[in-house]
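Read the structure below first, then the notes.
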Amino acid sequence: MGNPIHCSAEEMVAHLQSAVEDVFQTMLNTMITLIDAGCAEGAPRAALPSGGEPARVQFEAVVPFSGPRNGAVVLQCTAEGAMDIARGLLMLEAGCSVPLEEVQDAIGECANMVSGSLKTRALDPYGVFHLGVPQFGTSSADASRRSAGQLAFRMSEGCAAVEVWMEESAAA
Amino acid sequence: MNKVLIVDDSSTMRKIIMRVLRQAEIAVDNVIEAGNGVEGLAALGANPDIGLILSDVNMPEMNGIDFVKAIRSSHTKEQLPVIMVTTEGGGAMVNTAMELGANGYVCKPFTPDSIRSALEPYVG
Ligand SMILES: [Mg+2]
């Protein structure tokens, strides 16, 4: 179909899961429990349930990528999920509080590592791609981008979701 | 004798690397931190006795590629080893950094062992 990225939606979700598990096991010593995985057409799903209700996204880091197709990897967390990630990366005890600035930096670096791991698996085989530096609080609701796969998971206290966005290819 | 410069735009990653250096029992007397290549060059100017650099690739202001290029205009690989610590494992960025004179690289996510083996040739 003239699409420069031949990775299917199913493959993208599988790569995303491998990338997330790689980062969380190696760097956070944390096992994740999958809540949801798939490829949502169009708008992103708010896939962070807590109890019966959708949980509020409190932290978001966006790592843009450019190459044969442009897009972004978006990491969203609940407040508890963000603390799980910060404590995991910094190897702090459960319940230990982390300053907001350090939580934000940890979310950015986590998104950066997941993006790098995903790039190696899902993008590099199809061309030369470049990752940008993590951005914060940048809404991913960009009409020209479509979800190419997403994964929501639970850690010890909270939840997080990672979604890959791609711009529509110019001409298929 | 080993003064190490860690250059990474994430303070979290700088802390992780410092912890891994301790865990790996790498004898480091002093660690200096910088948030990008520009800060890294300033730190090197202020601390000419830095003996080893660990640098991220993807950073604002000055990335790790331009940082290595700048260092190699004044220091050889033997004089000042630079190890890249990067998420871009198989990517073009790492190849470019190696061509420009990086001594080696470690991919994030990393284990303490992978940092230890990358640094072993350069630390006592
Ligand atoms: Mg970086």
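Observations on the model:
- Pick from the stretch B:74-105, criterion away from chain A (no Cβ under 12 Å) and among the aliphatic types (A, V, I, L, M), ranking: farthest from the ligand (Cβ to nearest atom): B:Leu80
- Checked against the criteria, B:Gln79 does not count as open to solvent by 30 Å² or more (accessible area, probe 1.4 Å) and closer than 22 Å to A:Met91 by Cβ.
- Boolean, A:Val98 is more than 16 Å from the ligand (Cβ to nearest atom) and within 8 Å of chain B (Cβ to nearest Cβ): no
- From the options A:Glu93, A:Glu101, A:Glu80, residue that is in a loop (DSSP other than H, G, I, E, B) and of a type in the set (Asp, Glu): A:Glu93
- The criterion of at least 3 residues that are buried (at least 21 other Cβ atoms within 10 Å of the Cβ), at negative phi and within 11 Å of chain A (Cβ to nearest Cβ) is met, among helices (runs of 4 or more DSSP H) falling completely within the stretch B:1-73, by B:11-23.
- Looking only at the stretch A:118-135, residues that are within 15 Å of B:Met93 (Cβ to Cβ) and more than 14 Å from the ligand (Cβ to nearest atom) come to 6 in all.
- When the stretch B:106-116 is limited to residues that are within 15 Å of A:Thr120 (Cα to Cα) and either touching a residue at least 60 places away in the same chain (Cβ under 8 Å) or within 11 Å of the chain's Cα centre (by Cα) (or both), the one that is farthest from the other protein chains (Cβ to nearest Cβ) turns out to be B:Val106.
- Filter result (farther than 22 Å from A:Gln76 by Cβ and either within 7 Å of another protein chain (Cβ to nearest Cβ) or hydroxyl-bearing (Ser, Thr, Tyr) (or both)) within the stretch A:105-131: A:Thr120, A:Asp124, A:Tyr126, A:Val128
- For the condition assigned to a helix (DSSP H, G or I) and touching a strand residue (DSSP E or B) at 6+ places or on another chain (Cβ under 7 Å), B:Val94 qualifies.
- Considering the stretch A:137-155, the residues that are modelled with pLDDT of 90 or more and open to solvent by 10 Å² or more (accessible area, probe 1.4 Å) include one that is nearest to the other protein chains (Cβ to nearest Cβ), namely A:Met155.
- Among the residues of the stretch A:116-136, the ones that are among the aliphatic types (A, V, I, L, M) and at pLDDT below 90 come to 1 in all.
The values are calculated or read from the model by the stated rules, or taken from the named source; none is laboratory data. Remember, predicted model here, so these are calculated numbers, not experimental data. Using ideal geometry, Cβ is built from the backbone for each residue, glycine included, and neighbour counts are taken over all protein chains shown. Ligands, DNA and RNA are excluded from the accessible area calculation, which covers all protein heavy atoms including side chains. Shrake-Rupley method; radii C 1.70, N 1.55, O 1.52, S 1.80 Å.
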